[in-house]
Amino acid sequence: MHMQLNINTNIEIKSLSDLPKFKVLMESLKMKINKSKLARDMGVDRRTIDKYLDGYEQKNIRNRASKLDKFYETIKLLLSEESLQKFYYKRVLWQYLTDNHGLICGQSTFRKYISSKAEFQCYFNSGKRKSSKMEVIRFETPPAEQAQLDWKENIKYITKDGQILYVNVSVLLLSNSRFRTFNLSISKSQSILLAFLTESFEVFGGVPKTILTDNMKTIMDEPRTEYQKGKVNERFFQFSKDMGFKVKPCIAGRPRTKAKVESPMKLLDEIHAYQGKFDYEELHQFVQKLCNRINNSYHQGTGKIPILALKKERNLLLPLPHDRIRDFYKIDPILAKVNPSNMITFKSNQYSVPSGYIGKTLSLQVYDNHIFIYYNTELIVQHSISNLKINYKPEHYVETLARGLPFSTDIEELARKNLEAINEVYKNE
């Protein structure tokens, strides 16, 4: 009798755990195992093949709960479409949770946790910025030789009361120490820029020999290109002579020339993590706190802490010009005393301040049709210049009224009606 049998002799090894069975089969067939080929095909070491052929079994790994799981719902809410807050980088989210929700863990641990959650990783993938493939030549400058100037422009910010602001942050960074100063402003006028630079030099304790800048209109009448030198406007040129530094504009379209200040500008994206959380004054204070934190943190590029490195660089900076020259470029402060109604007077009109300042003398800076009121160096409130005799911020009036009527149950409604009456009585005809 003749019989034809179809026997499948193809054996598929899908994982290392299949090797013990494969060994039994090969021994029963009295065939030699090619361990080197198995190692190459499976992408492992030959000794690993030996181990599994001898019956090694990998221990089951127990899935342990992460200590970050308790932040899951908070992270989910922050990254949801309903949230006004935006987090462009995992580092910013880590910092926000650390500052506001008591997160205690390293950045690397946090990044790994976010990456392990597909729903969170998707959020960061969707907004991922393309990295440039342009070649970058790294260079360093001697101490006191150069500072780099830039703006983070037209940042759309929604305040906690729903007002939409477009703010700007100017940055001046000493190239050697990486120490920097920040300034938040609503406009980008030349007066604000010159005042910011003057105050920055005072913080530095001297003036750098050169300031590297882009072709912003407050500095350049004609941009510098590959084919022309450009032209610095007359007022800024006179400012540079008075302060003692040289202006070095970058070639238009080459921001990497001042990469020391361009690259760290992404640190200011942390502002978006607080969308809807601050009013303008609180945002101003946050920007200064952010600047202080950066200056007191380890810089990965230099391996130094900027505020400590500044101490060495300061000794080599050019001396500050005379007080009279510096004062000429500052925005003149106006002193005003807070009256018992928690208000200051400017040009016969009154403007409210937060509680706690009655009897204190505050400093006013007036520009771009706004009044900025400071206590020492802290911005406490900002008002638009108004023709009304009495100008209350609603929150200031509510606070004052609550102290006067501690047992009232509907302070906000009463404050609203009182403010309407005040505005009606004191408005100018």
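The values are calculated or read from the model by the stated rules, or taken from the named source; none is laboratory data. Just so you know, these numbers come straight off a predicted model, no measurement behind them. Every residue, glycine among them, receives a Cβ derived from its backbone with ideal geometry; neighbour counts consider all protein chains shown.
Within segment 290-298, can one find any residue that is charged (D, E, K, R), exposed (fewer than 15 other Cβ atoms within 10 Å of the Cβ) and at pLDDT below 90?
Looking for residues that are charged (D, E, K, R), exposed (fewer than 15 other Cβ atoms within 10 Å of the Cβ) and at pLDDT below 90, one finds none in segment 290-298, hence no.
When the residues of segment 51-87 are narrowed to those that are at pLDDT below 85 and of a type in the set (Asp, Glu), which ends up nearest to residue 97 (Cα to Cα)?
57
Restricting to segment 155-165, and then to whatever is in a strand (DSSP E or B) and touching a residue at least 24 places away in the same chain (Cβ under 8 Å), can you tell me which residue is surrounded by the most Cβ atoms within 10 Å (Cβ to Cβ)?
So the residue we want is 157.
Just checking, does segment 166-184 include any residue being hydrophobic (A, V, I, L, M, F, W, C), surrounded by 17 or more Cβ atoms within 10 Å (Cβ to Cβ) and either over 23 Å from the mean Cα position of the chain (by Cα) or not assigned by TED's automatic domain parsing to the domain that holds residue 279 (or both)?
Among the residues of segment 166-184, not one is hydrophobic (A, V, I, L, M, F, W, C), surrounded by 17 or more Cβ atoms within 10 Å (Cβ to Cβ) and either over 23 Å from the mean Cα position of the chain (by Cα) or not assigned by TED's automatic domain parsing to the domain that holds residue 279 (or both), which makes the answer no.
When residues of segment 367-389 are filtered for being out of contact with any Lys or Arg (no Cβ under 9 Å at 6 or more places or on another chain) and assigned to a strand (DSSP E or B), how many remain?
Total satisfying the criteria: 11.
Please find, within segment 308-346, the residue that is nearest to the chain's Cα centre (by Cα) out of those that are among the aromatic types (Phe, Trp, Tyr) and surrounded by 15 or more Cβ atoms within 10 Å (Cβ to Cβ).
Checking each candidate, the answer is 329.
Out of curiosity, is residue 241 modelled with pLDDT of 85 or more, outside any helix (DSSP H, G or I), under 26 Å from residue 326 (Cβ atoms) and assigned by TED's automatic domain parsing to the domain that holds residue 317?
no
On the given criteria, is residue 266 loosely packed, with under 14 Cβ neighbours inside 10 Å, at pLDDT 70 or above and of a type outside the set (Phe, Trp, Tyr)?
no
Please work out if residue 109 is modelled with pLDDT under 95, under 29 Å from residue 306 (Cα atoms) and not basic (Lys, Arg).
Yes.
Quick one: residue 259 ticks every box in (1) in a helix (DSSP H, G or I); (2) touching a strand residue (DSSP E or B) at 6+ places or on another chain (Cβ under 6 Å); (3) modelled with pLDDT under 85 except a single one, so which number is it?
(2)
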